[in-house]
Amino acid sequence: MTKFLLSVHVLAAILAIGPVAVAASMFPAAVRRSHPAAGAPDNAPAGAAVDGAPAEAAAAVRTLHRICRVYAVVGVVVPVFGLATASSLGVLGDAWLIASIVLTTLAAAVLVVFVLPGQEAAVAELDGEVTAPAAPASARAARLAMHTGVFNLLWATVTVLMIVRPGSTTGA
Amino acid sequence: MHPRPSQLALLRIAAHVEVISLLMLLGNLLTVHAEGVSSLTGPVHGCAYLFVVIIAVREAGAVRHPAVLRSLVPGVGGLLSVRLLGRQNPVSLPV
């Protein structure tokens, strides 16, 4: 039973967190492309060489945000089956696991509090729902990129902790 | 924000998984108490409960919405919030 629970846990981690990490990383760049005025050289005629590119980027922004939203919810499977696996293995009290749980909680908080709302704001602006944004689009895209980087770093740390399991007798 | 039909359908599925898995857990506890059933159905029920709460928060559009408070009820919370959200948006109730 432990093997089955662990399989579900690892599969869910790959299939749910992977897409969120990739899509969230691509999101800020897509936001920048969807605002051609910010990145275009001053002497270039507006939309001359890249006709339709901002519209394409806007579609990408929406799709990437949707991927993040949907797979963030699917990602709930990862900690639930992770806890079940740990309980079945009897390692719930181990320091490496407690550290992983704390880091996972932090990563989830970064995703829910900073990354997803930041993406929502960018999508709302594309839809024309925001008339007076607080900061220029490029600055907000940069901040979003930073938050996404923190999220990815936290997840990478947890993944390494899961493999190395410092202090565990079954560690690699 | 009004719930889209597909999201409400998702909530309905999660709500049914929530209540059925709880019944399976309790039934197993009262009868054979097979360890495999418990350790499999337990996480499934946990996931269904969290899915219900998350989808309810998203569809209600606010954390303090009555549908969200109902979704927190163990076991039948999902069905209660499906009922409430379905009543608010009757077009999406094909059942």
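Yes or no, residue by residue, for (1) touching a residue at least 60 places away in the same chain (Cβ under 8 Å); (2) within 16 Å of the chain's Cα centre (by Cα); (3) over 30 Å from B:S38 (Cβ atoms):
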position	(1), (2), (3)
A:R69	no, yes, yes
A:V76	no, yes, no
A:A84	yes, no, no
A:S88	yes, no, no
A:I101	no, no, no
A:V110	no, yes, yes
Residue set A:V102, A:V160, A:V112, A:V130; condition among the β-branched types (V, I, T), open to solvent by 40 Å² or more (accessible area, probe 1.4 Å) and not in a helix (DSSP H, G or I); output residue A:V130
When B:G77 is evaluated against the numbered criteria (1) surrounded by fewer than 22 Cβ atoms within 10 Å (Cβ to Cβ); (2) modelled with pLDDT of 90 or more, which criterion, by number, is the only one it fails? (1)
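Wholly within the stretch B:13-95, which helices (runs of 4 or more DSSP H) include no fewer than the required count, namely at least 3 residues that are within 14 Å of another protein chain (Cβ to nearest Cβ)? If you could, list the steps in order and put the result at the bottom.
Numbers: elements: B:35-60, B:66-71, B:77-88.
Output list reads B:35-60.
Suppose the filter is surrounded by fewer than 18 Cβ atoms within 10 Å (Cβ to Cβ) and in contact with a Leu (Cβ under 6 Å, 6 or more places away or on another chain); does A:V91 pass it? Full working, then the answer.
Details: surrounded by fewer than 18 Cβ atoms within 10 Å (Cβ to Cβ): yes; in contact with a Leu (Cβ under 6 Å, 6 or more places away or on another chain): yes.
The answer is yes for A:V91.
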Selection count where residues are open to solvent by 30 Å² or more (accessible area, probe 1.4 Å), within 12 Å of chain A (Cβ to nearest Cβ) and of a type in the set (A, V, I, L, M), scope the stretch B:3-12: 1
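Looking at the stretch B:37-74 only, could you name the residues that are among the small types (G, A, S) and open to solvent by 30 Å² or more (accessible area, probe 1.4 Å)?
Taking the stretch B:37-74 first, the residues among the small types (G, A, S) are B:38-39, B:42, B:46, B:48, B:56, B:60-62, B:67, B:71.
Within the stretch B:37-74, B:S38, B:G61, B:A62 meet the criteria.
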Looking at the stretch B:57-68, I want the residues that are acidic (D, E) and have a partner that is assigned to a loop (DSSP other than H, G, I, E, B) with Cβ atoms under 7 Å, at least 6 apart or on another chain. Which pairs are those? B:E59/B:P3
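I'm checking my understanding of the structure. Among residues of the stretch B:13-36 that are of a type in the set (V, I, T) and within 17 Å of A:V76 (Cβ to Cβ), which one is surrounded by the fewest Cβ atoms within 10 Å (Cβ to Cβ)?
Initial filter on the stretch B:13-36 (of a type in the set (V, I, T)): B:13, B:17, B:19-20, B:31-32.
Next, from what is left, pick out any that are within 17 Å of A:V76 (Cβ to Cβ): B:13, B:17.
Values: B:I13: 16, B:V17: 18.
Checking each candidate, the answer is B:I13.
Mind checking which residues of the stretch A:1-37 are β-branched (V, I, T), more than 20 Å from A:V73 (Cβ to Cβ), within 14 Å of chain B (Cβ to nearest Cβ) and surrounded by 15 or more Cβ atoms within 10 Å (Cβ to Cβ)? Give the derivation first.
Pass one, the stretch A:1-37, residues β-branched (V, I, T): A:2, A:8, A:10, A:14, A:17, A:20, A:22, A:31.
Keeping just the survivors that are more than 20 Å from A:V73 (Cβ to Cβ) gives A:2, A:31.
Checking the rest, the ones that are also within 14 Å of chain B (Cβ to nearest Cβ) come to A:2.
Within the stretch A:1-37, none qualify.
The values are calculated or read from the model by the stated rules, or taken from the named source; none is laboratory data. Note that the coordinates shown come from a computational prediction; the quantities given were computed from them, not determined experimentally. Positions of Cβ are backbone-derived with ideal geometry, glycine not excepted, and every protein chain shown enters the neighbour counts. Just so you know, the surface numbers come from the protein's heavy atoms only, side chains and all, with ligands and any DNA or RNA stripped out. Shrake-Rupley method; radii C 1.70, N 1.55, O 1.52, S 1.80 Å.
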